[in-house]
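Novice: This is the structure I want to talk about, given as structure tokens.
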């Protein structure tokens with residue numbers, strides 16, 4: 001069974017590989033905590049997990065952990081890459097290996113049986129897939145076409161949301177500057 005990974009998460013993991021050390025490990029979150037039949041990884045949140053500090057995110061949406069490492073000369077995976085993390089809710093382990101020119105992402109299912117951990121490589125599919133995915137097809141099976149009017153209305157909605165966010169940001173900054 002393949003797991004689904006959002007294209008945003010895939011891009012984030014690829015960029016974390018080249019980021020500062022605090023971005024090299026973190027948690028994987030699902031957007032649906034109840035869907036174990038077809039699990040998905042919606043977001044990768046970088047945070048330092050290998051410290052002795054208490055983990056502050058025991059979210060039911062936490063379905064795994066990730067780690068970015070330099071690509072090794074041998075293709076094998078050490079269970080130590082996974083076991084160095086604290087025992088949080090983790091069903092999947094994502095290993096991001098990188099060189100100066102390449103990034104590879106592998107996902108593993110975590111199996112725990114008789115006090116022994118093992119990792120099983122699994123495939124992952126990206127979602128949303130292509131513009132031709134079923135959700136973008138009309139009832140005749142053809143790709144939905146968007147009119148200029150619908151693009152304009154979407155752009156107006158985005159501008160309105162940006163304006164609201166800007167106002168909220170100004171309020172937060174003003175409250176942070178005001179000592180009273």
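Derivation of every value follows stated rules applied to the coordinates shown; laboratory data play no part. What you see is a predicted model, and the numbers here were worked out from it, not measured in a lab. Cβ: placed from backbone, ideal geometry, glycine included. Neighbour counts: every protein chain shown.
Novice: Between residue 99 and residue 116, how many nm apart are label points set 7 Å from Cα along the C-beta direction?
Specialist: Computed distance between label sites residue 99 and residue 116 equals 3.4 nm.
Novice: Grab the Cα-Cα distance for residue 125 and residue 157, subtract it from 0.36 nm times how many residues apart they are, and report the gain in nm with one decimal.
Specialist: Gain on stretching residue 125 to residue 157: 8.5 nm.
Novice: Taking 0.36 nm per intervening residue step and subtracting the Cα-Cα distance, what contour gain separates residue 106 from residue 69 on full extension?
Specialist: Difference between extended and current length: 12.1 nm.
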